[in-house]
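First comes the structure, then the notes that go with it.
Throughout, read-outs are computed from the coordinates displayed, never taken from laboratory work. Remember, predicted model here, so these are calculated numbers, not experimental data. Every residue, glycine among them, receives a Cβ derived from its backbone with ideal geometry; neighbour counts consider all protein chains shown.
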Amino acid sequence: MKRFVDQVVVITGAAHGIGEACALRFAEEGAAVACLDLAEEANEGTAVSCRNVGVEALAVMCDVTDDKGVKTAVSTVLKKWGRIDTLVASAGIYTGSPLTDVSRRQWQRTLDVNLTGVFLTNQAVAPVMMAQHSGSIINLSSMAGKTSWPASAEYSASKSGVIGLTRSVAMELAPYGATANAVCPGNTLTDMVRGVAGRVGALDGMTGEEWLQMRANDCPMKRLAEPWEIAGVIAFLASADSRYLTGQAIEVDGGMIMS
Ligand SMILES: NC(=O)c1ccc[n+]([C@@H]2O[C@H](COP(=O)([O-])OP(=O)(O)OC[C@H]3O[C@@H](n4cnc5c(N)ncnc54)[C@H](O)[C@@H]3O)[C@@H](O)[C@H]2O)c1
């Protein structure tokens, strides 16, 4: 399937995990891909992997919390390709600390990356999509945006914020024929979740592997997600098949939250 030929996709957090899986999925389906991330070397690696499947790809060093940096990155993409069809806002962090251990600095950094970063990137691409009268924004929220568990206060707050932000963006884009949706993955096997597993597991006397197994057991499907399974839903939200779907926060969590 090549649904995105002649389209341009911007992906934040493209160096690793879900963002990387999205970059490859869109590349395999024919899109030109702009990879935005702080992790320069790994981000270049994602762009190379995209080029290896025969599409154009750009690695742009970008901190999503930096207003100017986000604007410059979007200008770079527009200078090269002249349009943006899809934004996937995947850059995110998760520290996994109990409430009483969350410093003000940690709280602020999580909100800056996970929520302000989504705001800044949405704000930068929205005028482009309005002018084009087309486009799709897909913001990474989380299962933690709809429910919560211990050691996730600042993360949950940021991810709930992404859902509210996405609804408002969807309302503003709708008259222009562009869409905005949030995706709420369950635990997905990436560096982020492996790192959190070690820390959060230790709070309950478990190894990281034991904690991941416990999370898998909690899931109706009895396993965690692979990044490409999240990327597949994101690609659907960017495709012509979802043109009438906007303002939603879609769980991709093996049935953890059924609503
Ligand atoms: N893995 C999961 O279980 C899971 C579950 C629900 C939601 N999510 C969300 O999905 C998104 C991707 O998560 P992941 O598991 O792929 O994480 P990851 O740690 O594997 O990748 C995140 C990427 O974001 C980049 N990044 C971090 N801060 C940045 C910044 N300030 N500017 C630019 N890039 C930055 C990192 O360098 C990294 O490449 C995140 O928003 C995360 O909260 C993940």
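Can you go through ALA131, ALA153, ALA157, ALA170 and tell me which one is small (Gly, Ala, Ser) and either within 13 Å of the ligand (Cβ to nearest atom) or surrounded by 23 or more Cβ atoms within 10 Å (Cβ to Cβ) (or both)?
Criteria check complete, one pass: ALA157.
If ALA27 satisfies every condition in (1) assigned to a helix (DSSP H, G or I); (2) more than 20 Å from the chain's Cα centre (by Cα); (3) without any contact (Cβ under 8 Å) to a residue 40 or more places away in the chain; (4) under 19 Å from ALA238 (Cα atoms) but one, which is the exception?
It is condition (2) that ALA27 fails.
Return yes when CYS62 is without any contact (Cβ under 8 Å) to a residue 60 or more places away in the chain and either out of contact with any strand residue (DSSP E or B) (no Cβ under 8 Å at 6 or more places or on another chain) or within 15 Å of the ligand (Cβ to nearest atom) (or both) and no when it is not. Steps first, answer last, please.
Working: without any contact (Cβ under 8 Å) to a residue 60 or more places away in the chain: yes; either out of contact with any strand residue (DSSP E or B) (no Cβ under 8 Å at 6 or more places or on another chain) or within 15 Å of the ligand (Cβ to nearest atom) (or both): yes.
Judged against the criteria, CYS62 is a match.
Quick one: count up the residues across region 187-223 that are of a type in the set (Lys, Arg) and within 13 Å of the ligand (Cβ to nearest atom). It would help to see each step written out before you state the result.
To start, the set of residues in region 187-223 that are of a type in the set (Lys, Arg) comprises 194, 199, 215, 222-223.
Now drop any that are not within 13 Å of the ligand (Cβ to nearest atom), which leaves 194, 215, 223.
Residues in region 187-223 being of a type in the set (Lys, Arg) and within 13 Å of the ligand (Cβ to nearest atom): 3 in total.
Within region 15-50, can you find the residues that are under 16 Å from ILE84 (Cα atoms) and within 12 Å of the ligand (Cβ to nearest atom)?
CYS22, ALA23, CYS35, LEU36
Does GLY96 fit the bill of being crowded, with 16+ Cβ neighbours inside 10 Å, free of Cβ contacts under 8 Å to residues at least 12 places away in the same chain, within 18 Å of GLY13 (Cβ to Cβ) and within 15 Å of the ligand (Cβ to nearest atom)?
Answer is no for this residue.
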